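Worksheet for the structure shown next.
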């Protein structure tokens, strides 16, 4: 039977373990300027104050890890990312997922980080792996890997699994990266384009878990892109994906409906011993509501 892996990431003072027998890991996605015009303008002007609000909202929502992306056109992304990583470490002790498509920015973020980061991301493209896997090894990080290459984003689970195999082989054999430090994104695609794609993604998840024991993550909101009722779709998808082997997701922790669905699934999957976390969360919500009512 394949050994189920545990992926360890940490800040200077807190450790988070992503694993199949552990509570689902929420990676807060909000610290990202994509699609946020005002935030982009602030960052171009050197104003990072919105980051503090985003950190607070994600922490209060229940994020375990914070994804940090500073991809703003017409800026020095490496400098911005290093500043953001430094700033966030002063605001919270949550571990960080350093997110960039620019190699120089990734290294700047990693060099500014005091801990063991998660790097977002590589693909199965040879050039991308050659550029980023040495950084992952140098900074003793873990890495998110997507099973697509220069030719296509494959729809078929079989093709995705071929590329997972390639990533695992190259990372472990050529760069000496531990199997546990490879987190696969099984490619959650918009169901609005093809309603069968969710089934293909969950079949890929099951095969990754059963054949490699690897941890997985995905951009949870991708599934509902372009569809009405997105929160309902995401809240249904995540527990189904968890049963298929998904162990973390890059998601907006500010959406209680979706976070509650994940926490309920943790309880039902026996990843919340005695329901302690569920009960504590419910009591905290009740106390907050009562306090608001008094005020």
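Structure data summary
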read-out: Residues in segment 49-79 reached by a label modelled at residue 227 [backbone nitrogen below 18 Å; 7 Å Cα→Cβ]; value: none
read-out: The chain, helix-only ellipticity at 222 nm - DSSP H runs n ≥ 4, -39,500 (n - 2.57), divided by all residues, nearest 500; value: -14500 deg cm²/dmol
read-out: Square roots of 5 times each gyration tensor eigenvalue, C-alpha, segment 193-295, largest first, Å; value: 29, 19, 9
read-out: For the chain: relative contact order, % (alpha-carbon pairs under 8 angstrom, 6 or more apart); value: 20 percent
read-out: Residue of 115, 35, 226 that the Gaussian network model of the chain assigns the largest fluctuation, springs spanning Cα pairs under 10 Å; value: 35
read-out: Full-extension gain in nm, residue 277 to residue 292, via 0.36 nm per residue minus C-alpha separation; value: 3.2 nm
read-out: Exposure proxy ranking, count of Cβ atoms within 10 Å, fewest first, for 252, 185, 210; value: 210, 252, 185
read-out: Contour excess over end-to-end distance, with Cα ends at residue 175 and residue 38 and 0.36 nm allotted per residue; value: 45.3 nm
read-out: Stokes-Einstein translational diffusion, segment 101-184 - Kirkwood Rh over all Cα pairs, 0.692 mPa s, 37 °C, in µm²/s; value: 254 µm²/s
read-out: Distance between modelled label sites at residue 156 and residue 74, nm, 7 Å Cα→Cβ extension; value: 4.5 nm
read-out: For segment 1-39 and segment 249-295, distance of Cα centres in Å; value: 18 Å
read-out: Choice from 241, 12, 82 with maximal GNM fluctuation in the chain (Cα, 10 Å cutoff); value: 12
read-out: The chain: antiparallel DSSP beta bridges as a percent of all, rounded to 5; value: 20 percent
read-out: Answer label for Cα extents along the principal axes in Å (calculated), chosen among (1) 71, 66, 34; (2) 56, 52, 34; (3) 61, 45, 38; value: (3)
read-out: Gyration tensor verdict on segment 75-127 (Cα atoms; rounded if a/c is under 1.5, prolate if a/b is larger than b/c, oblate otherwise); value: oblate
read-out: Segment 33-187: C-alpha pair distances exceeding 18 Å, %; value: 59 percent
read-out: Most mobile of 259, 183, 143 in a GNM of the chain (Cα contacts under 10 Å); value: 259
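FYI, it's all coordinate maths here, none of it is from the lab. On a predicted model such as this, the values are computed, not experimentally measured, just so you know. Backbone-built Cβ (ideal geometry, glycine too); neighbour counts: all protein chains shown.
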